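Asker: Can you read through this structure? Questions will come right after.
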Amino acid sequence: MWRSRRRVRSADQGALESLRRYSRYNVIVAVGMIAVVLVLTELGDPLTIERAVVVAVGLAVLVLSHRYWTLRSITASTGLMPWWQAGVIALVAVGMVVVSVATGHTVAWALAAGLLGHDLRIARFPRAGWRFSVPFALLVAFAAVTTMALTGNETVGNVLRQGGFALLLVLAMTYAEVTLLRQWNLTLELEKARRDAAELATTRERLRFAEDLHDILGHALEVVSFKSELASRLSEIDPARSRAELDEIQRLARGAIHDVRALVQGRRSTELATELAGVRALLDSAGIGWEFTGDPERLDGEASELLGRVLREAVTNLLRHAGASRCTVKLETGDGKAVLTVGNDGVAPLRRDDREGSGLRGLARRITEAGGVFSAGARDGVFEVRAEVPR
């Protein structure tokens, strides 16, 4: 089982790492393609020194910013971008578009501005979301429209079309990058949720195993302790009875070992009918009168298991804490539910420091999880354990 879990965990980690590489590859390809498109656009016009410097600076800032803030965000937390750096990136993003429009009357550099806008969104304004992206895209479009209006002889319609085109390019590139990173972040969240669920399942399994172990050993050791004390008192006045009790102790110890092995192998049963037989013999040997009413055969497997645990724990507590002379066990079935009530006249109050033992707490949790109701307490001189479960 553990090897299987390790193989599943290894496969999950491999799939996660593959998606990480795929996301990084997509970012690198997107930046590379945008850079090629922009270079080809610039080659269409005579390239002056000033324009070459602007192109080189713009591409350098784009590549360095995107590599640090977007690519690193896929691998680890990048922290918050400093304000001065955010200002530089915003200035370069807008400046690239302004220079492009002023020299070549094209808004192609809005593609690069969109990628830089994405860096600003995730690294400087992570909580703003589209409240930052839309105003930033409007700023770039306004810069393009203003530059065209001041430097060219374009018609108003063409200026507005180019401004709208710049706006759409910035938003499209930002949206593409956001979608890619959102997919990666959702995968991380799902992976974390899966790990948390696995850890919770492991914890619940450990708790169940601990409760089962408590049921077995707590009950067996309490009975062994009781019979050992009885055998010691009988050793001088009734040696034959003392030897019989010692033989019973050996039988109980072997039975406890068998139950522990069955528990480890996942095949131990605590059905009510089986527990009733053991309780009957135990109370008879302890000289405690007992009475049972009901029909265990009317219970299904799950209800019988739960109520068998209740009976075992109730009798264990009776021997451990109460000086009882009589025990009554009542099983009622009907209306889709089964109610088991175990009472004894040796009332022992629940411990004030802990209110109730771990066995009763475990029973209460199991009964509640099964859709039932559990209670334990003294009433009218009788300590009563009551469990109601669906059947």
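The values are calculated or read from the model by the stated rules, or taken from the named source; none is laboratory data. All values reported here derive from a predicted model rather than from experimental measurement. Cβ coordinates were reconstructed from backbone atoms using ideal geometry, including for glycine residues, and neighbour counts include every protein chain displayed. Note: areas computed on protein heavy atoms with side chains; ligands, DNA, RNA excluded. Shrake-Rupley method; radii C 1.70, N 1.55, O 1.52, S 1.80 Å.
Asker: Residues that are of a type in the set (A, V, I, L, M) and under 19 Å from Ile34 (Cβ atoms): list the helices (runs of 4 or more DSSP H) wholly contained in the range 50-156 that include at least 3 such residues.
Answerer: Details: elements: 72-75, 83-104, 110-123, 130-151.
The qualifying helices (runs of 4 or more DSSP H) are 83-104, 110-123, 130-151.
Asker: Looking only at residues in the range 261-289 that are open to solvent by 40 Å² or more (accessible area, probe 1.4 Å) and among the β-branched types (Val, Ile, Thr), which one is modelled with the highest pLDDT?
Answerer: So, considering only residues that are open to solvent by 40 Å² or more (accessible area, probe 1.4 Å) and among the β-branched types (Val, Ile, Thr), the one modelled with the highest pLDDT is Thr274.
Asker: Then there's this: Could you give me the residue pairs with C-beta distances under 8 Å whose first residue belongs to the range 364-388 and is under 18 Å from Lys337 (Cα atoms) and in contact (Cβ under 8 Å) with a residue 24 or more places away in the chain, whose second residue is among the basic types (Lys, Arg) and open to solvent by less than 40 Å² (accessible area, probe 1.4 Å) wherever it lies, and which are 6+ apart or on separate chains?
Answerer: If the second residue must be among the basic types (Lys, Arg) and open to solvent by less than 40 Å² (accessible area, probe 1.4 Å), the pairs left are Arg366/Arg309.
Asker: Looking only at the range 135-155, which residues are open to solvent by 10 Å² or more (accessible area, probe 1.4 Å) and either in contact with a Ser or Thr (Cβ under 9 Å, 6 or more places away or on another chain) or farther than 24 Å from Trp69 by Cβ (or both)?
Answerer: Those that are open to solvent by 10 Å² or more (accessible area, probe 1.4 Å) and either in contact with a Ser or Thr (Cβ under 9 Å, 6 or more places away or on another chain) or farther than 24 Å from Trp69 by Cβ (or both): Phe136, Phe142, Val145, Thr146, Thr147, Ala149, Leu150, Thr151, Gly152, Asn153, Glu154, Thr155.
Okay, residues lined up against (1) of a type outside the set (A, V, I, L, M, F, W, C); (2) under 39 Å from the mean Cα position of the chain (by Cα); (3) buried (at least 23 other Cβ atoms within 10 Å of the Cβ); (4) part of a loop (DSSP other than H, G, I, E, B):
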{"site": "Glu297", "(1), (2), (3), (4)": "yes, no, no, no"}
{"site": "Glu302", "(1), (2), (3), (4)": "yes, yes, no, no"}
{"site": "Glu305", "(1), (2), (3), (4)": "yes, yes, no, no"}
{"site": "Glu313", "(1), (2), (3), (4)": "yes, yes, yes, no"}
{"site": "Asn317", "(1), (2), (3), (4)": "yes, yes, yes, no"}
{"site": "Thr328", "(1), (2), (3), (4)": "yes, no, no, no"}
{"site": "Ala338", "(1), (2), (3), (4)": "no, yes, yes, no"}
{"site": "Val342", "(1), (2), (3), (4)": "no, yes, yes, no"}
{"site": "Gly346", "(1), (2), (3), (4)": "yes, no, no, yes"}
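Asker: If the requirement is being without any contact (Cβ under 8 Å) to a residue 40 or more places away in the chain, more than 27 Å from Thr187 (Cα to Cα), of a type outside the set (Ser, Thr, Tyr) and out of contact with any strand residue (DSSP E or B) (no Cβ under 6 Å at 6 or more places or on another chain), which of these qualifies: Gly95, Gly87, Gly32?
Answerer: Gly87
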